[in-house]
Every structure is written in structure tokens, then in C-alpha cells.
1. Give the longest segment of the chain that steers clear of GluC sites (Glu not before Pro) in DSSP loops with at most 16 neighbouring Cβ atoms within 10 Å, not counting the sites themselves.
2. To the nearest 0.05, what FRET efficiency results for ASN185 and ALA150 with a Förster distance of 25 Å applied to their C-beta separation?
3. So which residue, out of GLN21, GLN110, GLN219, gets the largest mean-square fluctuation from a GNM of the chain using Cα contacts under 10 Å as springs?
4. For the range 33-44, just list the computed ³J(HN,Hα) in residue order, Karplus coefficients 6.51, -1.76 and 1.60, θ = phi - 60°, integers in Hz, with x standing in for Gly and Pro.
5. Once the principal axes of the Cα atoms of the chain are found, what is the range along each, listed largest first in whole angstroms?
6. If I compute solvent accessible area with a 1.4 Å probe over the protein chains, what percent of it on the chain is carbon and sulfur?
7. For a quick check, take a GNM of the chain with Cα springs below 10 Å and name the residue from GLY206, GLY24, GLY119 with the largest mean-square fluctuation.
8. How large is the helix-only mean residue ellipticity at 222 nm for the chain, computed as the sum of -39500 (n - 2.57) over DSSP H runs with n ≥ 4, divided by its residue count, in deg cm²/dmol to the nearest 500?
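The values are calculated or read from the model by the stated rules, or taken from the named source; none is laboratory data. Everything quoted here is computed from the prediction, not taken from an experiment. Cβ coordinates were reconstructed from backbone atoms using ideal geometry, including for glycine residues, and neighbour counts include every protein chain displayed. The accessibility values were calculated without ligands, DNA or RNA, using every heavy atom of the protein model including side chains. Shrake-Rupley method; radii C 1.70, N 1.55, O 1.52, S 1.80 Å.
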Amino acid sequence: MTASDLPFRATVSESCAWLEQQTGSPWTLARLLEHELTPYVWLDYDAAYPELFGEANGGYAAPIFFEGDIARLAAGSEDVLMTMTKDAYKIVARLPAPGFRRPLDALRFQKKDVERLAGKLKHAALPVKTPVAAESPFGIGKEEVLAAFASFVRMDLAKALDDAIGVFGDDGARVKASAKKSKRNAVWNPVTLALGLHDVYRTPLGPLKRAFATHDFLQAWRADWEQSLRLLGK
């Protein structure tokens, strides 16, 4: 049975058979209700209740949603007792006591609701994918370093990048081994570099903060930068 085989308003047996085909497990009315599918019954126009039908003089599909009515159905009642519903204008209406009774085979479920439930269950059954930890950004190149910091540091930053192993000794701010094959491949961790510029060369934090706030290529590093400042009490 395909989705197109499911009627616009499906009976309990049609809904259960279609869902069983889709999910590979048996379905009952109780299970449909457990998954919060709303059942409907068709109410033919009754002149005794004009306020319920309004201009729907041919009748309309009335939903069953009141907790007590649903619980009675789920418990295995032999018929439908509807004590509350919505009128033809979808306004909640309490029905005159003791309510409207209908046979069980009058119950219907909307096609769109049944299909939505099947989709939800299929999605829930998919294997949970373990999130792959995203690697931190590798680093930024010389041109980006100069664009971000050269205008306000008190040093020849371009020369320092070319000459020093890592600006601050050893690998320093340079990403380890990034220049193994060629200096042109060297990249620097902008957070480490900025903190070093502040600590070693007394570069003010103001322009360093603005650099991380304004340069697009530093946005991936901004959270690390701000976290570092918080840890350092700056």
C-alpha cells in the first residue's frame, strides 16, 4: 500500500494496515491514540444543534480530542462517546449530555496526520550519528596576519614572521610543522599571536579586540580569543 492508497480520511483498519507496512510493526487503535493521532467522526447536519454546524449544512468531520473521550477509546470501548469537540468553525464546543455516540467503524484519521506520524517514526529509527568533533581552524597565513595586526604593532611584523621561528621563539604562534616544506606554507594561530603581541610587545588590547571583531578571516577564532581573555581576566 502506497501513500496514495491511503484515503483522505482513513478508517482505523486502513490506518493501521498502512502504518504496519511503513514501520514493520503491528498497529491498533490504542497505539494510534498513544501517538496522539486525532480521530474524527462525520457528523451529519442536525437542525437540533444549529450552533454546532453553522453554515455546514451538509455536516462536517468533528475531531475527538477530549482526554476522557480518548481514554475511553484507548481502553477498548465498544463504541465512540464524544462529549466535547470543535464546531464547524473549529471553536471548542461541549456537547449536550451525555454526548454523541457513534459506532467504532465511524472513526477516521486524516491522511496527512498518519503520514506525518510515519515520517516521524522513520526519522526516530535512523541510527544516531556520533557528531564528529570539528577540527579547530588550522591557522592564518602571513598576508592575513599582516592585514589583521601590522598596522598597530610596534615592530616589523612582516620581517618577524619571515625571520623568527615562531615570532616568540621555538614554534611560538606558528602552527607547528606548518612550514616544513616551505616558509610560504607557514600559518599562525592568531589567538596565540595576538596574546604574544600584547604580552611581549605591549600591543594594546583595544586594537587587537577590534581585529577579531572586524576581520572575516578571524571570525572562526573569535570565540577562542574571547575565552582566552576571560581566563586571563582581561
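1. Values: sites that count: GLU36, GLU55, GLU78, GLU135.
Of all site-free stretches, the longest is 136-234.
2. With R0 = 25 Å, the Cβ-Cβ based efficiency is 0.80.
3. Comparing GLN21, GLN110, GLN219 in a Gaussian network model of the chain, the most mobile one is GLN219.
4. These are the phi-based 3J(HN,Hα) values: 6, 4, 8, 6, 6, 8, x, 10, 10, 7, 9, 5 Hz.
5. Projected onto its principal axes, the Cα set of the chain covers 93, 39, 29 Å.
6. Working: 7610 of 14140 Å².
Whole-percent figure for carbon plus sulfur exposure: 54.
7. Checking each option, the largest mean-square fluctuation is seen for GLY206.
8. -11000 deg cm²/dmol
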